[in-house]
């Protein structure tokens, strides 16, 4: 492919989009925002075409063209008229949640290559990949990609183990670290008190719910220690709302000081909710990324290595896991952070600044590849 004289490029975006998961929608919005910024600075125009689970909703939400992600004919048509495919971001290539994810996303990349289109991997988190049969498939797809970036060093090492040359892999932050918060508007609602707001993001993980029982006990211990308003933030419509209600019902006499936000469809509405918090306690990765983005002190509850990997980039460790959580230690740590949030910000500021700055690197590299196809 040659650089286009009219400076207009169409890029298909493949990811877990159109399912109203706040974290994945924030990834999409962040990629769209970064691409637009970098394209404008380079003097070109990028027209996104999003593969979506709900194209009409995606088009209304972001003002971009979208096509059904599972309709092969429309998918092939979109790829055929495009100038390339962006795969990512998010945890697309993993088999922990089922067997379908890896074949689907690799299949989309293969369809693009069959049409002679370059593929770009955008800040993906790789793994877990428990089934050995998938590993050579992933390696082949990534070796043939025009650009590869992953969101943590562990993903890069995993790809290297699969057979992808390490020097071809950029390690970059999650795209959401660069998501801006518009100045206009304000977070909805209000807590009606002067109590500090502790945002809480929980999800179902263990089948026996022991992890959520421990989370409820830890939040009770904090509420016994000091007066707070617990504000539950469902990042995934339906399931996270149910998980939040489960924990709220186990707060005993402190349930009166707990509330739940709507499951906002617009990522920046949830970003505003996080911005209002004095502290964020999160299981969902993107709840922690939202907090870091806004420099809100955070405590992570780990259910997956990706939580530990992100916290490590901030120089932090999880306060607990789905297997163990010390309620009193949690209350001690959370109280100290509420008493002196500035200490946390001073410790974390340089790491957060670096993540924000580096979050645009994949978009910059993709725009450069479009303009300089011979260098790919």
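The values are calculated or read from the model by the stated rules, or taken from the named source; none is laboratory data. Since the model is a prediction, treat every value here as computed from it, not as a measurement. We place every Cβ from the backbone using ideal geometry, glycine too, and count neighbours over all the protein chains shown.
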Test residue 23 against the criterion of being part of a strand (DSSP E or B), at pLDDT below 95 and surrounded by 15 or more Cβ atoms within 10 Å (Cβ to Cβ), and give yes or no. no
From 72, 99, 79, 51, residue being more than 27 Å from residue 357 (Cα to Cα), surrounded by fewer than 17 Cβ atoms within 10 Å (Cβ to Cβ) and at pLDDT 95 or above: 72
Filter the range 222-238 down to residues that are within 21 Å of the chain's Cα centre (by Cα) and not in a strand (DSSP E or B) and give me whichever is nearest to residue 23 (Cα to Cα). 235
When the range 210-248 is examined, which residues are found to be surrounded by fewer than 16 Cβ atoms within 10 Å (Cβ to Cβ) and over 21 Å from residue 196 (Cα atoms)? 210, 213, 237, 238, 239, 242
Subset of the range 257-267 that is at pLDDT below 95 and surrounded by fewer than 19 Cβ atoms within 10 Å (Cβ to Cβ) - its residue that is farthest from residue 290 (Cα to Cα): 257
Looking at residue 232, is it closer than 30 Å to residue 156 by Cα and either without any contact (Cβ under 8 Å) to a residue 60 or more places away in the chain or touching a strand residue (DSSP E or B) at 6+ places or on another chain (Cβ under 6 Å) (or both)? no
Any residue in the range 1-10 that is under 24 Å from residue 177 (Cα atoms), modelled with pLDDT of 95 or more and in contact with a strand residue (DSSP E or B) (Cβ under 8 Å, 6 or more places away or on another chain)? no
Which residue out of 88, 84 is within 16 Å of residue 13 (Cα to Cα), modelled with pLDDT under 95 and surrounded by 22 or more Cβ atoms within 10 Å (Cβ to Cβ)? 88
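Yes or no, residue by residue, for (1) in contact with a helix residue (DSSP H, G or I) (Cβ under 7 Å, 6 or more places away or on another chain); (2) free of Cβ contacts under 8 Å to residues at least 60 places away in the same chain; (3) in the same structural domain as residue 271 (by TED's automatic domain parsing):
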residue: 142; (1), (2), (3): yes, yes, no
residue: 154; (1), (2), (3): yes, no, no
residue: 161; (1), (2), (3): no, yes, no
residue: 203; (1), (2), (3): yes, no, yes
residue: 207; (1), (2), (3): no, yes, yes
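Each row is one residue, and each column tells you yes or no for (1) farther than 26 Å from residue 21 by Cβ; (2) in contact with a strand residue (DSSP E or B) (Cβ under 9 Å, 6 or more places away or on another chain); (3) crowded, with 20+ Cβ neighbours inside 10 Å.
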site	(1), (2), (3)
105	no, yes, yes
122	no, yes, yes
126	no, yes, yes
130	no, no, no
135	yes, no, no
154	no, no, no
170	no, yes, no
175	no, yes, yes
182	no, no, no
Candidates 94, 61 - the one that is touching a residue at least 12 places away in the same chain (Cβ under 8 Å), under 28 Å from residue 139 (Cβ atoms) and surrounded by fewer than 23 Cβ atoms within 10 Å (Cβ to Cβ): 94
Meets criteria (assigned by TED's automatic domain parsing to the domain that holds residue 323 and touching a helix residue (DSSP H, G or I) at 6+ places or on another chain (Cβ under 9 Å)) for residue 253: yes
Note on the range 11-53: residues in contact with a helix residue (DSSP H, G or I) (Cβ under 7 Å, 6 or more places away or on another chain), free of Cβ contacts under 8 Å to residues at least 60 places away in the same chain and farther than 17 Å from residue 179 by Cβ are 18, 45, 49, 51, 52
